[in-house]
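J.: Right, I'll just put the structure down here and ask away after.
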Amino acid sequence: MRHVAVIAAFSLLAALPAAGADLPLQTRCKTPSKLLDLGHPLPRVAARLARGETVTVVAIGSSSTGGAGASTENHSYPSQLRTLWPQLVGGSVVIHNHGINGQDIIEMNARLRADAIDIRPDLVLWQLGTNAVLRSQGVEVYRAHIRQGVAALKAVGIDVVLIDLQYAPKVLQDPDYPAMQNILAEVAAEQGTGLYRRFAAMRHWLRSGNLQPGDLVSPDGLHMNDLGYACWAHSLALALHRAVTGPEQKSAVSGKN
């Protein structure tokens with residue numbers, strides 16, 4: 001019944017006119033400080049920025065990374081992050097978008113070397129979990145595959161940020177989504193890697209009243225749209241900046257606990 005109520009609320013809100021449409025992006029998509037904490041510093045990215053060098057990023061994932069639901073490729077989250085990076089993170093960046101529609105964690109692991117490791121990036125942004133939830137009856141089996149992928153990236157010194165599920169009707173109606181959210185949080189903590197909490201950020205933007213579901217999610221009830229990807233890119237850029245300049249980063253560089 002809880003899932004039915006959530007979907008009904010989404011449908012009701014989607015019919016309302018957009019709230020705060022004249023507000024700037026940073027206001028409409030304002031994200032609480034606690035949701036900008038990736039939970040782990042990004043020492044390789046920080047070192048690159050400190051030396052004034054270009055940061056290389058691989059965004060790997062499924063349709064959310066590829067940009068399904070966006071009006072053009074330039075409105076995908078990696079493209080919008082590329083535009084925002086110099087101002088919000090600092091320095092210069094090259095971002096490779098290696099999102100492939102429909103892929104799950106196992107399929108992404110199979111191409112992790114060719115599409116990420118062999119590029120020798122400083123940072124991998126790994127968006128994952130939604131297709132595993134939608135396709136399976138139980139998601140615990142994916143825990144080992146996530147660990148395997150993260151370990152392979154960390155073994156060659158790449159900074160990693162996992163990106164969890166979208167807050168969207170088709171996700172919320174699947175009973176496996178809380179378990180997947182827990183797995184991603186637990187693996188990130190045990191492997192010492194970052195976690196961008198997209199699900200919680202989207203939920204906050206909607207509850208703030210500045211955005212309605214139709215502002216963030218496409219009519220298919222699953223994929224994000226131009227503004228949704230813009231909000232994601234904006235808040236992720238702020239989170240990355242915090243990870244390379246905040247107290248956690250200073251402690252990692254100095255070796256202090």
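J.: If a residue must be assigned to a helix (DSSP H, G or I) and open to solvent by less than 20 Å² (accessible area, probe 1.4 Å), how many such residues does the range 167-199 contain?
T.: 9
J.: Continuing with the same structure: Listed residues LEU236, LEU172, LEU227; which is in contact with a strand residue (DSSP E or B) (Cβ under 9 Å, 6 or more places away or on another chain) and of a type outside the set (D, E, K, R)?
T.: Matching residue, one of LEU236, LEU172, LEU227: LEU236.
J.: Which condition from (1) modelled with pLDDT under 95; (2) more than 25 Å from LEU84 (Cα to Cα) is the one that SER208 breaks?
T.: For SER208, the failing item is (2).
J.: Considering (1) farther than 25 Å from ALA152 by Cβ; (2) touching a residue at least 60 places away in the same chain (Cβ under 8 Å); (3) open to solvent by 60 Å² or more (accessible area, probe 1.4 Å), say which one ARG120 fails and leave the rest.
T.: The failed condition is (1).
J.: So which residues in the range 211-220 are open to solvent by less than 10 Å² (accessible area, probe 1.4 Å) and either at pLDDT 95 or above or in contact with an Asp or Glu (Cβ under 6 Å, 6 or more places away or on another chain) (or both)?
T.: LEU216
J.: Take the residues in the range 97-137 that are of a type in the set (S, T, N, Q) and more than 14 Å from the chain's Cα centre (by Cα); name whichever of them is farthest from TYR77 (Cα to Cα).
T.: Applying the filter and picking the extreme gives GLN137.
J.: Regarding ARG203, is this residue under 18 Å from SER64 (Cβ atoms), surrounded by 17 or more Cβ atoms within 10 Å (Cβ to Cβ) and modelled with pLDDT of 95 or more? Let's see the steps before the verdict.
T.: Numbers: under 18 Å from SER64 (Cβ atoms): yes; surrounded by 17 or more Cβ atoms within 10 Å (Cβ to Cβ): no; modelled with pLDDT of 95 or more: yes.
Answer is no for this residue.
Okay, residues lined up against (1) charged (D, E, K, R); (2) out of contact with any Asp or Glu (no Cβ under 9 Å at 6 or more places or on another chain):
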| position | (1), (2) |
| --- | --- |
| LEU112 | no, yes |
| ILE119 | no, yes |
| ASP122 | yes, no |
| GLY138 | no, no |
| VAL141 | no, yes |
| ILE146 | no, yes |
| VAL156 | no, yes |
| ASP176 | yes, yes |
| MET180 | no, no |
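J.: I'm checking my understanding of the structure. Among residues of the range 28-49 that are among the charged types (D, E, K, R) and open to solvent by 40 Å² or more (accessible area, probe 1.4 Å), which one is farthest from the chain's Cα centre (by Cα)?
T.: Out of the qualifying residues, it is ARG48.
J.: In addition: Name, by its number, the condition in (1) open to solvent by less than 30 Å² (accessible area, probe 1.4 Å); (2) within 23 Å of ASP226 (Cα to Cα); (3) modelled with pLDDT of 50 or more that does not hold for PRO24.
T.: Unmet for PRO24, out of (1) open to solvent by less than 30 Å² (accessible area, probe 1.4 Å); (2) within 23 Å of ASP226 (Cα to Cα); (3) modelled with pLDDT of 50 or more: (1).
J.: Against the condition of a type in the set (S, T, N, Q), within 30 Å of GLY246 (Cα to Cα), open to solvent by 60 Å² or more (accessible area, probe 1.4 Å) and assigned to a helix (DSSP H, G or I), how does THR65 come out, does it pass?
T.: No.
J.: Starting from the range 81-102, take each residue that is touching a residue at least 24 places away in the same chain (Cβ under 8 Å) and within 12 Å of LEU236 (Cβ to Cβ) and list its partners that are open to solvent by 20 Å² or more (accessible area, probe 1.4 Å) and part of a strand (DSSP E or B), counting only C-beta distances under 6 angstrom and pairs at least six apart or across chains.
T.: Qualifying pairs under 6 Å: TRP85/VAL93.
J.: Checking the conditions here, which among ASN97, ASN131 is open to solvent by 20 Å² or more (accessible area, probe 1.4 Å) and closer than 20 Å to MET180 by Cα?
T.: It is ASN131.
J.: Something else about it: From GLN103, GLN87, grab the single residue that is in a helix (DSSP H, G or I), open to solvent by 20 Å² or more (accessible area, probe 1.4 Å), at pLDDT 95 or above and not hydroxyl-bearing (Ser, Thr, Tyr).
T.: One residue alone meets the criteria, GLN87.
J.: I'm trying to understand the selection: among the residues of the range 150-166, which are within 9 Å of the chain's Cα centre (by Cα), hydrophobic (A, V, I, L, M, F, W, C) and outside any strand (DSSP E or B)? It would help to see each step written out before you state the result.
T.: Initially, the range 150-166 is screened for residues within 9 Å of the chain's Cα centre (by Cα), giving 161-166.
Now restrict to residues that are hydrophobic (A, V, I, L, M, F, W, C): 161-163, 165.
The answer is LEU165, and nothing else.
The values are calculated or read from the model by the stated rules, or taken from the named source; none is laboratory data. Since the model is a prediction, treat every value here as computed from it, not as a measurement. Using ideal geometry, Cβ is built from the backbone for each residue, glycine included, and neighbour counts are taken over all protein chains shown. Ligands, DNA and RNA are stripped out before the accessible areas are found, and what is left, the full protein with its side chains, is counted by its heavy atoms. Shrake-Rupley method; radii C 1.70, N 1.55, O 1.52, S 1.80 Å.
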